Every structure is written in structure tokens, then in C-alpha cells.
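The values are calculated or read from the model by the stated rules, or taken from the named source; none is laboratory data. Quick caveat: nothing in here was measured; it's all calculated off a predicted structure. Cβ: placed from backbone, ideal geometry, glycine included. Neighbour counts: every protein chain shown. These accessible areas exclude ligands, DNA and RNA; they are computed on the full protein's heavy atoms, side chains included. Shrake-Rupley method; radii C 1.70, N 1.55, O 1.52, S 1.80 Å.
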Amino acid sequence: MVDIPNRPAPKPRARVQAMKEYHPPLGSRDSLRLDFNENTVACSPAVRDVLSGISAGDLTRYPERESVEAQVARNLELNPEQVILTNGVDEAIHVLFQAFLEEGNELLLPVPTYTMYEVYASSTDAQIVTVQAAKDFKFPYQALLEAITPQTKVIALANPNSPTGSIIRRDQIIAIAERAPHAIVLLDEAYFHFYGETAIDLLASLSNLVIARTFSKAYGVAGLRVGILAASAENARWMRRVISPYSVNSVALACIPAALADRAYLDRYVEEVLAARTEFEAALDALSIRRWPSEANFILVHIGGKHREFVQAMNAGGVLVRDRSNDPGCAGCVRITIGTREQMRRAAMVLNNVVSHMREAKEAEA
Ligand code: PMP
């Protein structure tokens, strides 16, 4: 045996060394998962049919995304060169930041918002500039406009936003894109189906706008990992240089046309969630739990100092919810995904018990 001296391993870039590891919580199989904003039922049966027809031969070949991209483009009334399929919106964010952010640039981020913008920006050499929303969690429009500088290179906006459920008005999106023509405005429409308003038509007139969509939420195929980047043909060309040509696998690609075709399934699911949201809001109000208005398939609620105990007790009752207390401005807040009415009635029952117990315990303490 050769005697190889044990030398210290090379270290990654300083920015990477400074990053925290991101570990999403694990879910127990039997629980009602209201902690990831997923579809809580299933995808369209048409997608399952495609899955069951996948052969070994289909798996031997490298995936080819072009024809599916063309179908997605048609569905969005865009040209094929304007659409890139990605490994979820997460990869879309990563690819956009890799293509556009460099040293000396600023990423402008209203907070609280989706965690992965900060994670992916942290691995670039750009600075992250955050704009805190007020206590009402409305989109901090004026403060964001004022925070635009000549160094602003990307502005990342989720519409509707997570974890708050708040929205950005169309005139505000236009004004931001016009105020920062030197920056890419990433408008993340992951929860579009629950809100119903899109800015995708603005791609024709705003050359700095990029829109992201996902199949992970309303479509119910988060496990397949498929997202969409929609942009001007020019911006799409830059991002295609950065993305792996094979990051969307062939099983996922095979399923997308079926998912797109079953509009009725999608509409039914969205309608069900919206009805469940209204009912669940009433349940929260009856318990005097503070909540923020939401245009998405989740609601942010204020639980207070006992948020950890609350999440644990809900979990013990078979309902997983997400503690968002560590998000900026969100002390004591918990996010609850909205599923079907039947699921949310079950969730409301558990919620009732948990809150009553916590209030009784508090009274006993006093
Ligand atoms: N954007 C937002 C605002 C989200 O909340 C999420 C999912 N939690 C994503 C993007 C990620 O979507 P995907 O599963 O397509 O990566």
C-alpha cells in the first residue's frame, strides 16, 4: 500500500462556507400534510396513466425537453423559445441567479418570502438587500421602489407570496419593472392557479420581466420536480447557457402533456381549495386566531410565544403545519396549507382541541 499523507481537504468559496444547510422538515406518512403547500389529494388520473405506461426503454434514453417545452409554450400563449422547463422553480431561481448575479450586484428581496431566493443568492457573489414588509404583511411597494439602486440586478417577487399569501398588483409590477430597467424582475407565480391573475402577457412589453410557474402545487406533481421559466427569447437564451439540458427527467417530461390537458381536474381542485379556504378562515375567526388575507393555498396565522408547542400538538393530532417563526417579522407565526373541505374540517377539529388545551393551560398558569 502506498503511504498517502492525510492532508486537510480543500475548502469551498467563502460565500459557501458562510451558508447554512437547508433541511426541510420530514413528514410522517400517516399525517395530513399541511406543511408544504402541496396538492393534498393527487394529480390528474391522466398523469397516473402515463406513469403506468412508462417502459424500461423510455428510461434508457436521455430526456428531450424541446417538444414538451413547445407544448407548455402553446399552453401559455408564448413562443417555444420563451419557455424553459426546469427541475422545479427552485432550479429556475438557481439558473436565473447564476446567469445574472455577480460581484457588485444586489438582489432585492421583499421579506418575508420564499426561503430559496436567499439560499441560492448566498452562493453567488452578489449582496442580498431585503425590504421588510409591515405588520400587515402587505407587499412593501414604496419601500421596495426606494431600495432600487444602480447595483440592483435582480428583484425576486413571489406573487402570491409565501408564507404570507399577499399579492402584488399588476400596476405595481409594471412600475417596478420600469423603475429598474437594468434589473431582471423575477415574478414567481408558483401559486398562480389559486389567485388567477398573471403577468405573463407583460413579457411582450417588459424586456426585463421573467416569470416562473410550477407543476408542484395545483397540478399535484411536486415529486416530479417540474417548473417553468418564461421570459423574452433573449433572456431565455442566456439562461439556457447555464441550465443542464437534462435537469428535467424523462418520466416528468412524459407526464406534463397529460397534466396540461386535464384542465377540468385542475379547475376542480382549485375550486375545492378556495371553498375550503373560506370555511377554514371562518374556523380561525371563530377561535379568534389572527390571520392574514391569502390568495394562495395556505394561510399564515399568529399563534404567539407557544408556536412550537402548537406545531407539536397539531402534529400529535395528525396534522402537519409549518412553523414560520424564524422568518423575518414572523415571530409566533405558523403557516397552514389548505386542502379539501373534508381535510380542513378535520384540521379545524384538531385545531379546536389544540387551541382549547393551550388556552386552558394558560389560564391555569395565570
Ligand atoms: N416558489 C414559491 C413561492 C414556493 O413557495 C415554492 C414551493 N414551496 C417554490 C417556488 C418551489 O417550487 P418547486 O417545487 O417548483 O421548486
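If I filter the stretch 131-145 for residues that are open to solvent by 10 Å² or more (accessible area, probe 1.4 Å), part of a loop (DSSP other than H, G, I, E, B), more than 16 Å from the ligand (Cβ to nearest atom) and basic (Lys, Arg), do I get at least one hit?
yes
Which of (1) open to solvent by 10 Å² or more (accessible area, probe 1.4 Å); (2) within 16 Å of the ligand (Cβ to nearest atom); (3) under 16 Å from GLU91 (Cα atoms) is the odd one out, the single condition GLU189 does not satisfy?
GLU189 satisfies every listed condition except (1).
Among the residues of the stretch 281-297, is any among the hydroxyl-bearing types (Ser, Thr, Tyr), closer than 24 Å to ALA361 by Cα and over 20 Å from the mean Cα position of the chain (by Cα)?
Our first condition is that a residue be among the hydroxyl-bearing types (Ser, Thr, Tyr); within the stretch 281-297, this holds for 288, 294.
From what is left, the residues that are closer than 24 Å to ALA361 by Cα are 288.
Those still in the list that are over 20 Å from the mean Cα position of the chain (by Cα) too: 288.
Yes, because at least one residue in the stretch 281-297 is among the hydroxyl-bearing types (Ser, Thr, Tyr), closer than 24 Å to ALA361 by Cα and over 20 Å from the mean Cα position of the chain (by Cα).
Could you check the stretch 14-67 for helices (runs of 4 or more DSSP H) lying wholly inside it with 3 or more residues that are surrounded by 13 or more Cβ atoms within 10 Å (Cβ to Cβ), at negative phi and in contact (Cβ under 8 Å) with a residue 24 or more places away in the chain? Write out each step before concluding.
Details: elements: 14-17, 45-52, 56-60.
Of the helices (runs of 4 or more DSSP H) lying wholly inside the stretch 14-67, those with at least 3 residues that are surrounded by 13 or more Cβ atoms within 10 Å (Cβ to Cβ), at negative phi and in contact (Cβ under 8 Å) with a residue 24 or more places away in the chain span 45-52.
If we keep just the residues of the stretch 81-100 that are small (Gly, Ala, Ser) and near the ligand (Cβ under 8 Å from one of its atoms), which is nearest to ARG225 (Cα to Cα)? Full working, then the answer.
Let us first name the residues in the stretch 81-100 that are small (Gly, Ala, Ser), namely 88, 92, 99.
Applying the additional criterion that residues be near the ligand (Cβ under 8 Å from one of its atoms) yields 88, 92.
On the way: GLY88: 5, ALA92: 11 Å.
This residue is GLY88.
Can you tell me which residue within the stretch 148-172, out of those that are surrounded by fewer than 18 Cβ atoms within 10 Å (Cβ to Cβ) and free of Cβ contacts under 8 Å to residues at least 40 places away in the same chain, is farthest from the ligand (Cβ to nearest atom)?
So the residue we want is PRO150.
Here's the yes/no breakdown for (1) more than 15 Å from the ligand (Cβ to nearest atom); (2) touching a strand residue (DSSP E or B) at 6+ places or on another chain (Cβ under 8 Å); (3) farther than 21 Å from VAL89 by Cβ:
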site: ILE228; (1), (2), (3): no, yes, no
site: ALA233; (1), (2), (3): yes, no, no
site: TYR246; (1), (2), (3): yes, no, no
site: ALA264; (1), (2), (3): yes, no, yes
site: GLU281; (1), (2), (3): yes, yes, yes
site: LEU284; (1), (2), (3): yes, yes, yes
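GLU309 passes all but one of (1) free of Cβ contacts under 8 Å to residues at least 60 places away in the same chain; (2) not assigned by TED's automatic domain parsing to the domain that holds ILE336; which number fails?
(2)
Would you confirm, using the coordinates I've provided, whether THR113 is surrounded by 13 or more Cβ atoms within 10 Å (Cβ to Cβ), of a type outside the set (A, V, I, L, M, F, W, C), within 30 Å of THR149 (Cβ to Cβ) and away from the ligand (no atom under 16 Å from the Cβ)? So that I can check it myself, show each step before the final result.
Details: surrounded by 13 or more Cβ atoms within 10 Å (Cβ to Cβ): yes; of a type outside the set (A, V, I, L, M, F, W, C): yes; within 30 Å of THR149 (Cβ to Cβ): yes; away from the ligand (no atom under 16 Å from the Cβ): no.
When the stated conditions are applied, THR113 does not pass them.
Results for (1) assigned by TED's automatic domain parsing to the domain that holds HIS182; (2) surrounded by fewer than 16 Cβ atoms within 10 Å (Cβ to Cβ); (3) free of Cβ contacts under 8 Å to residues at least 40 places away in the same chain; (4) outside any strand (DSSP E or B), shown as yes or no for each residue.
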residue	(1), (2), (3), (4)
GLU69	yes, no, yes, yes
VAL72	yes, no, no, yes
LEU78	yes, no, no, yes
ILE84	yes, no, no, no
GLN98	yes, no, no, yes
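With the requirement that a residue be in a loop (DSSP other than H, G, I, E, B), open to solvent by less than 70 Å² (accessible area, probe 1.4 Å) and of a type in the set (Lys, Arg), what does the stretch 289-337 give you?
ARG324
Hey, does the stretch 242-251 have a residue that's aromatic (Phe, Trp, Tyr), at pLDDT 95 or above and either closer than 23 Å to LEU187 by Cα or not in a loop (DSSP other than H, G, I, E, B) (or both)?
So the first thing to find is which residues in the stretch 242-251 are aromatic (Phe, Trp, Tyr), and the list is 246.
Of the ones still in play, those that are also at pLDDT 95 or above are 246.
Narrowing the set further to residues that are either closer than 23 Å to LEU187 by Cα or not in a loop (DSSP other than H, G, I, E, B) (or both) leaves none.
No, the stretch 242-251 contains no residue that is aromatic (Phe, Trp, Tyr), at pLDDT 95 or above and either closer than 23 Å to LEU187 by Cα or not in a loop (DSSP other than H, G, I, E, B) (or both).
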